[in-house]
1. What's the number of the only condition in (1) part of a loop (DSSP other than H, G, I, E, B); (2) assigned by TED's automatic domain parsing to the domain that holds B:ALA110; (3) surrounded by fewer than 18 Cβ atoms within 10 Å (Cβ to Cβ); (4) not acidic (Asp, Glu) that B:HIS225 fails to meet?
2. Could you tell me how many of the residues in region A:114-140 are surrounded by 24 or more Cβ atoms within 10 Å (Cβ to Cβ), in contact (Cβ under 8 Å) with a residue 60 or more places away in the chain and closer than 18 Å to B:MET88 by Cα?
3. When you scan region B:241-262, do you find a residue that is β-branched (Val, Ile, Thr), closer than 26 Å to B:GLY353 by Cβ and not assigned by TED's automatic domain parsing to the domain that holds B:GLY97, even just one?
4. Being open to solvent by 10 Å² or more (accessible area, probe 1.4 Å), touching an Asp or Glu at 6+ places or on another chain (Cβ under 9 Å) and more than 7 Å from chain B (Cβ to nearest Cβ) is the filter here, so list the residues in region A:68-97 that pass it.
5. List the number of the failed condition for B:GLY97; all other conditions in (1) touching a residue at least 12 places away in the same chain (Cβ under 8 Å); (2) of a type outside the set (Asp, Glu); (3) open to solvent by less than 30 Å² (accessible area, probe 1.4 Å); (4) within 14 Å of chain A (Cβ to nearest Cβ) hold.
6. Considering only region B:375-390, state which residues are open to solvent by less than 90 Å² (accessible area, probe 1.4 Å) and either part of a helix (DSSP H, G or I) or of a type in the set (Asp, Glu) (or both).
7. Among the candidates B:ILE9, B:ILE15, single out the residue that is open to solvent by less than 20 Å² (accessible area, probe 1.4 Å) and more than 13 Å from chain A (Cβ to nearest Cβ).
8. Going through region A:176-200 one residue at a time, which ones are farther than 19 Å from A:ALA319 by Cα and in a loop (DSSP other than H, G, I, E, B)?
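The values are calculated or read from the model by the stated rules, or taken from the named source; none is laboratory data. The shown structure was predicted, so the numbers you read here are calculated from the model rather than taken from an experiment. Cβ atoms come from the backbone with ideal geometry, glycine included; neighbour counts cover every protein chain shown. For the accessible areas, the whole protein counts, side chains as well, though only heavy atoms, and no ligand, DNA or RNA atoms are used. Shrake-Rupley method; radii C 1.70, N 1.55, O 1.52, S 1.80 Å.
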Amino acid sequence: MSTELKPDFCQTGNLTAGNRLQSIDVVSVQSTEDRANALTSGHRACQGCGEALGARMAIDKVMELSKNKVHVVNATGCLEVFTTPFPETSWNVPWLHSLFGNAPAVATGVQAALKAKGMEDVTVIAQGGDGSTVDIGFGCLSGMFERNDDVLYICYDNEAYMNTGVQRSGATPPTARTATTPLSGPHPGNNFGQGKNVPKIAMAHGIAYVATATIANVRDLEAKVAKAMSMKGARYLHIHVPCPLGWGSLPKDTIKLARLAVESGLYPLFEGEHGEITGVTKIRKKVPVDEYLKLQRRFVHLFKKGADTEDLAGVQAIADAHIKYYGLLDDGEK
Amino acid sequence: MLKQVEGSIAVAEAIALCRPDLVCAYPITPQTHIVEGLADMVRKGKIKSNCQYINVESEFAALSVCIGSSATGVRSYTATSSQGLLYMAEAVYNASGMRLPIVMTIGNRAIGGPINIWNDQSDSMALRDAGWIQIHAETNQEAGDLHIQAFKIAEQLSIPVMVCVDGFLLTHAYEQVEASTQEQVDEFLPPFKPMQALDCDDPMSIGAMVGPEAFMEVRALNVAHFDNALEPIQEISEEFEKIFGRKAGGLFEHYHSEEADTVVVSLGSVNGTVKDIIDEYRKEFVSIGSFKIGCYRPFPGKQILEQLKHAKRIIVVEKDYFAGVGGCLANDMKIAFRGSDAKIYSVIGGLGGRPIFKKSLMKILDRAMEDELEELSFIDLDRTLVEREQVREDQFMSNAG
């Protein structure tokens, strides 16, 4: 998607929101006056919260394209808690929260009800964090995919259970410190498992559209929302959202971290249709994983004196494997 | 028109006449025939609504789909049994907490372990305090009729309703049933007008997080609405009788129990057996009657006490037995009758599908009427076996320790 953009005349941060030099047809919804403001200010997210940004970017775009005809189903988690402390709400959309593990099924019900009422022009979004998506709600997610229900599911992945106090999830990267993978023992932090790559698992379901996106690249994120909304059936968007609280990073570094995750190869940006990869976003300037990891206290043990160098090498190997699998570097680059 | 049909089909046909907009279920014995029947009717266009039938991957998903559809403002139905009800337990509480008027059939079945597919009522009993209205069917006729009432109760009060139908004994049994007509049901059951629903023109956040500053009030309000349900449940049953010309539902039903010294209290299909027994006693001029509780939640304790204040002894026959509690219905009765002189006996039977034979139950009633019955007794329990195994297993554990 981003290949359609023309970043030539841009200043630093050429793909971020608010760039006045872009033509109006590619400018981000976030930098327009009439954005829907789906998630208003005044909510209770932490300073530098990547999830709040990701949700606002995604749902504002959905609002623009659907002309405000949208129903949003939210899983339990940070996003639900910080946006709707009764009697307040930050949502400017019809919004429904039921449980931690059932958002995809609830969305199926919302969509089926709209169908029964002959209101299929309303877009149905289900959203949740990585805990609800890759772990507790995964059965419902797979069921929604398998039935090809007309729902766009958005996962905001901050790589652990942040709402409950930073415990490990199935999306926590190897070696990362969480409250349940503490920095003790011979291999501190999270173990090296196979990982649960839900974008790839979604691809295996053969659903209409799967994409990964990042809050560091707003227009790519918005273009992917737009692409998803141009299609029918089950669709999945996975957005990488740094969490200063859980990652031990500075709030000012949230966007920087989101960018470094992509540039290091740890978080590949790709999209696919019906089980086939249709596009990847190339890495512009490859960085070693150290640059990404060093900004986060959850990886501090990797850089201590006497640290097991194998652990750091293992993380780099994951990034290198992504780069190879998705072809993230231009030919000749290494 | 009288039809000879399976209980499940009587239920499915009654639901179809209610014009549900969404049916979503996951298969579990003995609920399956109901949802199979509905799936077929949806495919054949026999339901006079744009009904969506959704197949899902679990009971948790089934009720979650209903939560989504009900919150979007359409009439929603599911059915389950046993483990399935327990698997959706989290969503059961969520639906009542959000006051979504979903109707769910419970094809009553034992809960494991050990796994057992046959009838008792421990499943719906396990979730008796989840904030759902629970009404029990005695016959296939009533099983169908209660579903028509259930949608009206649920939607009028914005409280979900479980219709408890004894698994196999009703769901798989063939009986004569008088079918309702679409005209009757349409006259009785108005279109669903939700208390609140997702709406693009009036965006609302449903299911917000409620903290310590308001949670108690929200919970108290919820329970207050629940406790006020008894009167409407009775009224709806009476309205049903006017339109359909037959009795069904309501809070309770007397059978020679208005003035009897001894009253047998029960829920669901076992009342058929009890009534046969009462007939036999009555031939001998014994002062005994049967009192069927139709609505178990909310529990009409005050009304039952008023109705049975003359009774000297009350024998509660039920098909559930819980560690630390015993029989749930007996417990509720003891609370309702505290301060009363009536003696309350708890009789447990029919667990895991064991038949309740007239002869066995009569032996127990005879002993009760001679004031020789223990406070807790069991129908056809092999006590010798239980006691022998208890000794053997205790010995094994102490050796192992």
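1. (1)
2. Within region A:114-140, residues that are surrounded by 24 or more Cβ atoms within 10 Å (Cβ to Cβ), in contact (Cβ under 8 Å) with a residue 60 or more places away in the chain and closer than 18 Å to B:MET88 by Cα number 1.
3. To start, the set of residues in region B:241-262 that are β-branched (Val, Ile, Thr) comprises B:243, B:262.
Going one step further and asking which of them are closer than 26 Å to B:GLY353 by Cβ, we end up with none.
No: region B:241-262 contains no residue that is β-branched (Val, Ile, Thr), closer than 26 Å to B:GLY353 by Cβ and not assigned by TED's automatic domain parsing to the domain that holds B:GLY97.
4. If the condition is that a residue be open to solvent by 10 Å² or more (accessible area, probe 1.4 Å), touching an Asp or Glu at 6+ places or on another chain (Cβ under 9 Å) and more than 7 Å from chain B (Cβ to nearest Cβ), then A:GLY77, A:CYS78, A:PHE82 are the ones that fit.
5. (3)
6. In the first step, residues of region B:375-390 are kept if they are open to solvent by less than 90 Å² (accessible area, probe 1.4 Å); the result is B:376-382, B:385-386, B:389.
Hits for region B:375-390 are B:ASP380, B:ASP382, B:LEU385, B:VAL386, B:GLU389.
7. Exactly one residue qualifies, and that residue is B:ILE15.
8. A:ALA179, A:THR180, A:PRO182, A:LEU183, A:SER184, A:GLY185, A:PRO186, A:HIS187, A:PRO188
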